[in-house]
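These notes are about the structure you will find just below.
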Amino acid sequence: MARLLPSDTFSVGQFAVNHPVNRWPFGKTSYKLLIKLWPQCSLALNSLGNAFRKAGKVREAVLCYRRAISADPTNSDAYSNLGLALKTQRKTQEAIKALRGAIESNPKNRSAKHMLAAWTGRTTTTAPSEYVRKLFREYSENFEAHLVGRLKYRAPRMLRLAVEKVVKPKGLFHNAMDLGCGTGLVGVEFRSLAKRLSGIDLSPQMINHAAEKSVYDTLHVGDITRQLSRIRERFDLFLAADVFIYCGDLCRIFHAVARRAIPGAYFVFSTEDCQEPNFVLRDTGRYAHSPTYIQDLAKEHGFAVVLHESVSLRKGDTRWARGRVYVLKKEAQRADR
C-alpha cells in the first residue's frame, strides 16, 4: 500500500471508499495504524468503517465507528452506521442506542428515525426519500450481483408470468411505465411486451444503470407520484417490482396511477405479505401489506383485482421472503380526477 502522510487526513476516507476492499490488507494492524496516524479525523474513520462493513469485517467496522464518534461526537452518520453494524451483530438494544445518538446529534437525520421506528416496532407511513436515495447510492454498484446472485431475486419474472396468465393471447402494450425501475431488471423482462417503455426511480445512480441496458424509451429521476403528476401521457401498463416495500401508505401512488391509466390498463406489482389489517414496518426497514388493504385500495381507485398469487420474492437471512404478485385492471366506468 502506498505510504500515506498525516497531512492526507481527508483522503484516507476517500481511499477507503473508492478502492476495492479486497485489495486492502484488512486486519488489526491496518486499522490500528490508520487510527494512530489520523486520531482526530472522524470522517476518515467513518469511511474506513464503511469499507470494513462492506468487506464483512463488522467487528473492525464497529471499532472504527466508535473511534469516529469519540473524535467527533456530532458525527451523526457514524452513529447511524454504528447502529447498522451492531444490528448485524444482533445487539439490538445497543443499535437502538446508537440511532438515538444519531438523532440527538442531528435531529434532521430522517434515515436514522426510519430505522429507529423499524427497530422499536412503530409503523410509519413511508420511508424518507433520503433513506431510499442513500440506500441505493451505496447499493447501486453491486445491486444486481447481490440481489439476483445471492438473494435469488425473482420479482420481475413473477410479474411477467402473472401478466401472461391474464393477457391471452399474449398482447403488446402500447405505453408501459416501470415505477421504481431500479437498474432495469423489470424493463428487461417487459421490453418485448411494450411498444413504448418508460421508467421512474428516485436514485440517479440506479437510473444510470437502467439507461445502460437500452430497454427504456424514457427515464425520469424523482418521486413516483410527483413524476406521474408531471407526465401528461396515459399508460396501459404500470409495473412496480419490490417498490412498495419502501412505501407504507399507498393511497397517493394508487391515486397517481389511476389518473394516468386508460380504461382497461393493467397495474402489476409485488408486495411483502403481512397479517396486520393494513400495513406494517418490519425491523428490516421494509413495509409489508395485507391483501385486504390492497383490495380496498383497488376498489377505491377504480381497479378490479384480476389476479393475486402468493410467491417467494427473494431469500432472506434464513428463509425466503414471502409476498404477493397482483394484477389489477382499470375499470372503464371510473374516471379519477
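The values are calculated or read from the model by the stated rules, or taken from the named source; none is laboratory data. Here the structure is a predicted model, which is why all the values come from computation and not from measurement. Because the Cβ atoms are built from the backbone with ideal geometry, glycine has one as well, and the counts that use them run over all protein chains shown.
Worth a mention:
- The condition of being touching a residue at least 60 places away in the same chain (Cβ under 8 Å), within 19 Å of the chain's Cα centre (by Cα) and either in a loop (DSSP other than H, G, I, E, B) or surrounded by fewer than 24 Cβ atoms within 10 Å (Cβ to Cβ) (or both) holds for only one of Asp242, Asp236, that being Asp242.
- For Ile262: the one exception among (1) surrounded by fewer than 20 Cβ atoms within 10 Å (Cβ to Cβ); (2) in contact (Cβ under 8 Å) with a residue 24 or more places away in the chain; (3) within 30 Å of Thr92 (Cβ to Cβ): (3)
- Within region 188-213, the residues that satisfy the criterion of being more than 23 Å from Lys134 (Cα to Cα), assigned to a helix (DSSP H, G or I) and touching an Asp or Glu at 6+ places or on another chain (Cβ under 9 Å) are Phe190, Leu193.
- Residue satisfying condition, being of a type in the set (Gly, Ala, Ser) and under 24 Å from Lys168 (Cβ atoms), within set Ala210, Ala194: Ala194
- Scanning region 176-201 for residues that are aliphatic (A, V, I, L, M) and touching a residue at least 60 places away in the same chain (Cβ under 8 Å), we see that the one that is farthest from Arg234 (Cα to Cα) is Leu179.
- Considering Arg259, Arg252, the condition of being assigned to a helix (DSSP H, G or I) and either of a type in the set (Gly, Ala, Ser) or within 19 Å of Thr292 (Cα to Cα) (or both) is satisfied by Arg252 alone.
- Meets criteria (in contact with a Gly (Cβ under 7 Å, 6 or more places away or on another chain), at pLDDT below 95, small (Gly, Ala, Ser) and over 24 Å from Glu331 (Cα atoms)) for Ala145: no
- Against the conditions (1) under 23 Å from Gly187 (Cα atoms); (2) assigned to a loop (DSSP other than H, G, I, E, B), Gln275 satisfies every one except (1).
- Test for Ala256: is it exposed (fewer than 15 other Cβ atoms within 10 Å of the Cβ) and free of Cβ contacts under 8 Å to residues at least 40 places away in the same chain: no
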